[in-house]
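Chemist: Pasting a structure here, questions to come.
The values are calculated or read from the model by the stated rules, or taken from the named source; none is laboratory data. Predicted, not measured: the structure shown is a model, and the values here were computed from it. All Cβ positions, glycine included, derive from the backbone under ideal geometry; neighbour counts span all protein chains shown. Only protein heavy atoms, including side chains, enter the accessible area calculation; ligands, DNA and RNA are left aside. Shrake-Rupley method; radii C 1.70, N 1.55, O 1.52, S 1.80 Å.
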Amino acid sequence: MKKLNISFEGVHDDTGYLFSFAKCLSSAMRNSPYSELADDIIATSGFGFRMWVDKTLCPSATSIWHFYQQKEWVENGGLTCAYVERLWGQEDLEETRRQEALEIIRKSIDRGIAVVSWDISGAEWGLITGYDEQAATLCILKINGQEDTIDNTKLGNLEIPILSVLAITGKVQRTPEQLFQDTLRLAVNHLDEKEPGENPSGMAAYDQLLEILTNSYNQDMSWNLEYYLGTYAALKWYVAAYFRKYGKEDLADLYERIWHCWSDAFYIKKDESKETEESISAIIEKLKQARNTEQEALNRMKELL
């Protein structure tokens, strides 16, 4: 049996709702030879900028995108990756793709790097931290920090029968300025709603969320709203930190303001023992401020490309 000593310690998550793919990716990086990129990768992969909003505030909107793009997006951050997936309607590929995934997992664990995998945490991403060939099991770390084991045969066949496994395999030599330019291209592409998907995304996600809060929000959506606010607040922190780290002060200042707006909205929602019209109005105002500031940031990023 081989098992890595991995946890989410050190991964910044001030709301407790950091997007599970981003949290797992950062943790895998933090415990790898590429730890200096553990925070950067959330921005350079574009996930720090990404927003999706379902018309009913269903939280699954954050997981409805083309999973195969994660390899390209993570490699945008100066890394190389191995990736395998098997989706609905591909049952004939189930065993072949599972064996491919198990090979990727074993090689990555042998290199000392945990593997990011879908549905390890119940319709959320988690980490595969080890394997036991004799027992035919995998060691996993769920997004809540709980460790467990699963049979190899359950990989890609847990609560949602989709296989998606990503492993970091190396690093590409690129200058910080090259990475910066590539990050801007990903960010602009998403914010301009050019990434395919089922739900409003990028800047349109603001309009969807504001429309819901203004016209159709009800108490049944309370936790869902907290999830959205907490998820996107936590991600914006990484964008501000990335720009600050590399001396892009104008963008860092803008994204720090955006992060504060989302964070303020989250804590208004979380700290209210009972929601009121005034608290929802305050959240709407914070989101409008965030939208206007992110539009300003988007315009600036376009100027820099």
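Chemist: So, in region 148-161, how many residues would count as being of a type outside the set (G, A, S) and assigned to a loop (DSSP other than H, G, I, E, B)?
Modeler: 6
Chemist: Checking E36 against (1) closer than 30 Å to S263 by Cβ; (2) under 15 Å from the mean Cα position of the chain (by Cα); (3) in a helix (DSSP H, G or I), only one condition comes out false. Which one?
Modeler: For E36, the exception is condition (2).
Chemist: May I pose another question? Taking region 285-303, which residues are touching a residue at least 12 places away in the same chain (Cβ under 8 Å) and surrounded by fewer than 16 Cβ atoms within 10 Å (Cβ to Cβ)?
Modeler: Scanning region 285-303 gives K288, Q295, E296, R300, K302.
Chemist: Could you list all residues from region 236-273 that are closer than 19 Å to D40 by Cα and touching a Leu at 6+ places or on another chain (Cβ under 7 Å)?
Modeler: Result: F243, single match.
Chemist: Give me a count of the residues in region 46-75 that are out of contact with any Asp or Glu (no Cβ under 7 Å at 6 or more places or on another chain) and more than 22 Å from R86 (Cβ to Cβ).
Modeler: The qualifying residues number 14.
Chemist: With respect to the numbered conditions (1) farther than 21 Å from K142 by Cα; (2) modelled with pLDDT of 95 or more; (3) open to solvent by 30 Å² or more (accessible area, probe 1.4 Å), which one is the sole condition not fulfilled by Y83?
Modeler: Status for Y83: all satisfied but (1).
Chemist: If you go through region 1-31 one residue at a time, how many are open to solvent by 20 Å² or more (accessible area, probe 1.4 Å) and among the aliphatic types (A, V, I, L, M)?
Modeler: 2
Chemist: Every residue in region 177-221 that is in contact (Cβ under 8 Å) with a residue 60 or more places away in the chain, exposed (fewer than 14 other Cβ atoms within 10 Å of the Cβ) and not in a helix (DSSP H, G or I), please.
Modeler: P196, E198
Chemist: Looking only at region 124-147, decide whether some residue is assigned to a loop (DSSP other than H, G, I, E, B), touching a residue at least 60 places away in the same chain (Cβ under 8 Å) and buried (at least 23 other Cβ atoms within 10 Å of the Cβ).
Modeler: Yes; the residues of region 124-147 include at least one that is assigned to a loop (DSSP other than H, G, I, E, B), touching a residue at least 60 places away in the same chain (Cβ under 8 Å) and buried (at least 23 other Cβ atoms within 10 Å of the Cβ).
Chemist: Among the numbered criteria (1) outside any helix (DSSP H, G or I); (2) under 27 Å from S26 (Cα atoms), which single criterion is violated by K274?
Modeler: (2) is the only condition that K274 fails.
Chemist: Still on this structure, please answer the following. In this structure, does E294 turn out to be part of a helix (DSSP H, G or I) and among the acidic types (D, E)?
Modeler: Judged against the criteria, E294 is a match.
Chemist: Something else now. State which residue is least open to solvent (accessible area, probe 1.4 Å) when the search covers only region 148-172 and only residues that are in contact with a Gly (Cβ under 8 Å, 6 or more places away or on another chain) and among the charged types (D, E, K, R).
Modeler: The extreme case among them is K171.
Chemist: May I pose another question? Considering only residues that are part of a helix (DSSP H, G or I), more than 18 Å from T169 (Cα to Cα) and open to solvent by 30 Å² or more (accessible area, probe 1.4 Å), which ones fall in region 58-80?
Modeler: P59, S60
Chemist: Answer yes or no as to whether F49 is among the aromatic types (F, W, Y), within 29 Å of R244 (Cα to Cα) and open to solvent by 20 Å² or more (accessible area, probe 1.4 Å).
Modeler: Answer is no for this residue.
Chemist: Can you find, within region 91-105, the residue that is least open to solvent (accessible area, probe 1.4 Å) among those that are free of Cβ contacts under 8 Å to residues at least 60 places away in the same chain and among the aliphatic types (A, V, I, L, M)?
Modeler: L102
Chemist: Inside region 222-251, can you point out the residues that are among the small types (G, A, S) and crowded, with 18+ Cβ neighbours inside 10 Å?
Modeler: G230, A233, A234, A240, A241
Chemist: Could you grab me the full set of residues in region 15-32 that are of a type outside the set (G, A, S), modelled with pLDDT of 95 or more and in a loop (DSSP other than H, G, I, E, B)?
Modeler: T15, Y17, L18, F19
Chemist: Only one residue in S121, S108 is of a type outside the set (F, W, Y), under 30 Å from A240 (Cα atoms) and touching a residue at least 60 places away in the same chain (Cβ under 8 Å). Which one?
Modeler: S121
Chemist: With the structure loaded, tell me whether E147 is touching a Lys or Arg at 6+ places or on another chain (Cβ under 7 Å) and among the acidic types (D, E) or whether it fails that test.
Modeler: no
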